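No lab work stands behind these numbers, since they all come straight from the coordinates. Computed from a prediction, not measured in an experiment: that's the story for all the values here. When we count neighbours, we look across all protein chains shown, and the Cβ atoms used for this are built from the backbone with ideal geometry, even at glycine.
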Amino acid sequence: MTAARDMFARHPRVSGSLHASCEDGWLPLIEDCLTKLEAFGLPIVIHRIREKMGALRINILTPTSLSVEDQRRWEDIIRAAEESSLKTCELCGNPGRLRQSETGTYATRCDAHQVI
C-alpha cells in the first residue's frame with residue numbers, strides 16, 4: 001500500500017476520491033485536516049486532493065447539515081492545511097517555502113529539495 005492509501009485507511013468516515021495527487025511530505029497536513037474534520041462526526045466526502053501552483057488544494061464537500069458557524073469552522077480547517085502547505089516541503093515535510101523554477105513551475109520545497 002502507498003502511504004496515502006494507508007493514511008486514508010485510518011479514516012473510516014472518508015469516502016470519495018481516495019487519492020492524493022501530491023508528494024508524501026504533505027500527507028501529515030492532509031491527515032491532520034481529516035482528523036479535525038472527523039471530530040464533527042459526519043461523513044467526509046473528498047472530491048479531489050492535489051498540488052496546484054506549488055500549494056496543496058483540498059476539495060472536500062462541506063456538509064449542509066452543519067450550522068453556518070460549523071460550516072465556517074470546517075472550511076477554516078481545510079484552509080489552514082492548504083496555507084500550511086506553503087511552508088512545508090512537499091517532498092519531505094520539513095519547513096520550506098514556495099519556489100519558482102526558471103521555466104515558471106511552482107513548488108514548495110525545503111533547502112535540500114530546492115531544485116525543481
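Going from the residue with the fewest nearby Cβ atoms within 10 Å to the one with the most, V45, V14, V68 rank V68, V45, V14. Legend: ranking of residues W74, W26 from fewest to most surrounding C-beta atoms inside 10 Å; resulting order W74, W26. Over the residues of the chain, the helix contribution to mean residue ellipticity at 222 nm works out to -10000 deg cm²/dmol, using -39500 (n - 2.57) for each DSSP H run of at least 4.
Evaluate the Kirkwood expression for the hydrodynamic radius of the chain, namely the inverse of the mean inverse distance over all pairs of different C-alpha atoms, and round to one decimal in Å. Walk me through the numbers before you get to the answer.
On the way: mean 1/r = 0.0684 Å⁻¹.
The answer is 14.6 Å.
Exposure proxy ranking for L37, L27, based on other Cβ atoms within 10 angstrom of each Cβ and starting from the fewest, stands as L27, L37.
About its Cα centre, the dipole of the chain is roughly 160 debye, where the only charges are +1 on Lys and Arg Cβ and -1 on Asp and Glu Cβ.
Applying both filters, DSSP loop and at most 14 other Cβ atoms within 10 Å, to the trypsin sites (Lys or Arg not before Pro) of segment 2-37 gives R10, R13. Principal-axis analysis of the Cα atoms of the chain puts helix 27-38 at an angle of about 10° to the longest axis. Centre-to-centre separation between the Cα atoms of segment 15-70 and those of segment 88-116: 22 Å.
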